[in-house]
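Enquirer: One structure, pasted below without further comment.
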Ligand code: SF4
């Protein structure tokens with residue numbers, strides 16, 4: 001049987017898309033391999049959000065091309081493929097095919113053409129494409145990602161995603177529920193709904209509130225997560241659905257990007273600092289014990305020291321449980337290329353370090369307060385060190401626990417015994433607790 005190796009960079013949407021590509025190729029008889037040297041087809045699923053990510057992929061292509069034997073195929077897929085298109089074929093002569101996020105259906109055809117010596121790209125947007133008939137090939141796990149929306153209609157000036165993933169479109173609610181029902185039947189108990197602005201989901205009849213209620217009540221579905229929401233798309237209906245659906249977890253990843261209203265305006269985010277704080281307050285009123293994480297960009301064009309301090313103060317004021325922090329990276333093709341007053345690299349670096357210090361301090365303070373408390377955790381798998389198990393709370397806190405490998409995929413109650421500031425050590429408080437489902 002032919003084998004395919006897929007290396008995935010970037011966000012969870014890319015992880016989910018790699019599972020779809022495996023599904024497309026499984027129908028052609030391909031099996032997955034984790035060894036690129038043994039693969040007949042090597043695919044690199046890429047991210048275009050930061051220049052650094054693209055440079056990493058180009059470096060990696062230099063390594064993978066060495067594993068190519070006669071007849072093997074090397075492809076670049078995903079957002080960077082969409083952004084650069086046929087230019088990638090010129091830039092890396094060993095690359096045989098380039099496919100954007102809407103073109104995965106053409107993988108078998110382009111692979112066959114590559115075997116015939118033809119190098120090709122498919123980077124057309126297909127507004128109808130949801131891969132509804134393609135069963136994703138997922139790892140055997142209690143958790144699964146389910147894409148419910150593709151593309152983005154927002155135009156944040158720093159972001160390349162609308163250019164790489166095209167306009168927003170949502171899957172039909174019934175199709176999502178059917179997929180989740182099948183997952184539940186095969187033992188999945190935790191689902192993360194994916195979309196670029198997932199809470200703006202609308203299939204023409206049903207909104208995100210309907211989707212949460214429908215997915216959250218699929219028998220066997222114990223935990224429901226979603227990422228990433230857009231702050232101002234939390235309608236009263238969505239808040240009520242979150243509060244009224246027990247499976248919805250007490251964690252929201254709420255990208256703020258900056259604490260300065262002036263910078264948010266330049267980013268074309270559709271809220272200012274005050275509005276963001278209102279959304280935080282509304283979420284906390286709706287969901288008690290809510291954990292909040294965020295994304296923050298430092299050094300966006302025109303960001304002054306005062307603007308940056310507003311970001312620091314917002315982190316303190318909200319009390320985020322964690323934050324993904326990034327230096328702004330100018331992307332060709334985004335509206336921000338037209339902005340002036342770009343921030344010097346050394347200033348960005350210095351601000352990033354200061355931000356990380358504050359984020360860690362705020363997170364550590366919140367996490368220290370949790371030592372001694374008990375939580376339900378899902379046992380995800382072996383931890384990277386110490387022969388322990390890695391587990392996760394509903395609030396998305398990671399705790400390392402001593403236990404049997406049989407516990408993987410089951411839910412346990414644990415007491416937090418200590419914290420590094422970001423992760424926890426924990427102790428099981430009840431043996432032989434609930435099994436999957
Ligand atoms: S909402 Fe903004 S940041 Fe998010 S994907 Fe769309 S354009 Fe990019």
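The values are calculated or read from the model by the stated rules, or taken from the named source; none is laboratory data. On a predicted model such as this, the values are computed, not experimentally measured, just so you know. Cβ: placed from backbone, ideal geometry, glycine included. Neighbour counts: every protein chain shown.
Enquirer: Give the residue that is farthest from residue 285 (Cα to Cα), with candidates limited to residues of segment 247-262 that are crowded, with 21+ Cβ neighbours inside 10 Å and out of contact with any strand residue (DSSP E or B) (no Cβ under 7 Å at 6 or more places or on another chain).
Expert: Taking the candidates together, the pick is 260.
Enquirer: Next up: Search segment 146-161 for residues that are assigned to a strand (DSSP E or B) and pair each with any residue that is near the ligand (Cβ under 8 Å from one of its atoms) when their beta-carbon atoms are under 9 Å apart and the residues are at least 6 apart or on different chains.
Expert: 149/196; 149/197; 150/165; 150/196
Enquirer: Is one or more of the residues making up segment 74-86 in contact (Cβ under 8 Å) with a residue 60 or more places away in the chain, within 24 Å of residue 168 (Cα to Cα), over 20 Å from the mean Cα position of the chain (by Cα) and assigned to a loop (DSSP other than H, G, I, E, B)?
Expert: no
Enquirer: Can residue 291 be described as more than 22 Å from the chain's Cα centre (by Cα) and not assigned by TED's automatic domain parsing to the domain that holds residue 225? Give the steps one after another, and end with the answer.
Expert: On the way: more than 22 Å from the chain's Cα centre (by Cα): no; not assigned by TED's automatic domain parsing to the domain that holds residue 225: yes.
Against the criterion (more than 22 Å from the chain's Cα centre (by Cα) and not assigned by TED's automatic domain parsing to the domain that holds residue 225), residue 291 does not qualify.
Enquirer: I'd like the residue in segment 138-157 that is out of contact with any helix residue (DSSP H, G or I) (no Cβ under 7 Å at 6 or more places or on another chain), modelled with pLDDT of 95 or more and farther than 22 Å from residue 46 by Cβ and, out of all such residues, is nearest to the ligand (Cβ to nearest atom).
Expert: Taking the candidates together, the pick is 153.
Enquirer: Can you give me the ranges of the strands (runs of 3 or more DSSP E) entirely in segment 364-437 with at least 3 residues that are under 22 Å from residue 219 (Cα atoms), over 23 Å from the mean Cα position of the chain (by Cα) and at pLDDT 95 or above? If you could, list the steps in order and put the result at the bottom.
Expert: Details: elements: 374-382, 389-393, 398-401, 411-419, 424-428.
The qualifying strands (runs of 3 or more DSSP E) are 411-419.
Enquirer: For the condition within 20 Å of residue 213 (Cβ to Cβ) and within 16 Å of the ligand (Cβ to nearest atom), what is the one hit in 193, 183? Reasoning before the result, please.
Expert: On the way: 183 fails: within 16 Å of the ligand (Cβ to nearest atom).
Criteria check complete, one pass: 193.
Enquirer: Just to be sure, is residue 59 farther than 22 Å from residue 146 by Cα, at pLDDT 95 or above and either part of a helix (DSSP H, G or I) or out of contact with any strand residue (DSSP E or B) (no Cβ under 9 Å at 6 or more places or on another chain) (or both)?
Expert: Working: farther than 22 Å from residue 146 by Cα: yes; at pLDDT 95 or above: no; either part of a helix (DSSP H, G or I) or out of contact with any strand residue (DSSP E or B) (no Cβ under 9 Å at 6 or more places or on another chain) (or both): yes.
No, not satisfied.
Enquirer: If you don't mind, there's one more thing I want to ask. Name every residue in segment 163-176 that is within 16 Å of the ligand (Cβ to nearest atom), surrounded by fewer than 21 Cβ atoms within 10 Å (Cβ to Cβ) and not in a helix (DSSP H, G or I), in order of residue number.
Expert: Taking segment 163-176 first, the residues within 16 Å of the ligand (Cβ to nearest atom) are 163-170.
Next cut, surrounded by fewer than 21 Cβ atoms within 10 Å (Cβ to Cβ) only: 163, 167-169.
Within segment 163-176, 167, 168, 169 qualify.
Table: residues versus (1) in contact (Cβ under 8 Å) with a residue 60 or more places away in the chain; (2) surrounded by 13 or more Cβ atoms within 10 Å (Cβ to Cβ).
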residue	(1), (2)
342	no, yes
353	no, no
364	no, yes
377	no, yes
380	yes, yes
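Enquirer: Any idea which of (1) within 16 Å of the ligand (Cβ to nearest atom); (2) within 27 Å of residue 380 (Cβ to Cβ) is the one residue 160 doesn't satisfy?
Expert: Answer for residue 160: the failing condition is (2).
Enquirer: Can you pull out the residues in segment 177-194 that are surrounded by 22 or more Cβ atoms within 10 Å (Cβ to Cβ) and under 18 Å from the mean Cα position of the chain (by Cα)?
Expert: Answer for segment 177-194, where residues must be surrounded by 22 or more Cβ atoms within 10 Å (Cβ to Cβ) and under 18 Å from the mean Cα position of the chain (by Cα): 190, 191, 193, 194.
Enquirer: Another question, then. Can you give me the number of residues within segment 1-31 that are on the phi < 0 side of the Ramachandran plot and under 22 Å from the mean Cα position of the chain (by Cα)?
Expert: Matching residues across segment 1-31 total 19.
Enquirer: Looking at residue 333 and the list (1) in contact (Cβ under 8 Å) with a residue 40 or more places away in the chain; (2) part of a loop (DSSP other than H, G, I, E, B); (3) under 25 Å from residue 190 (Cα atoms), which single condition is not satisfied?
Expert: Result: residue 333 passes all but (3).
Enquirer: Every residue in segment 211-237 that is touching a helix residue (DSSP H, G or I) at 6+ places or on another chain (Cβ under 6 Å) and more than 16 Å from the ligand (Cβ to nearest atom), please.
Expert: 211, 212, 213, 214, 215, 218, 220, 221, 224, 237
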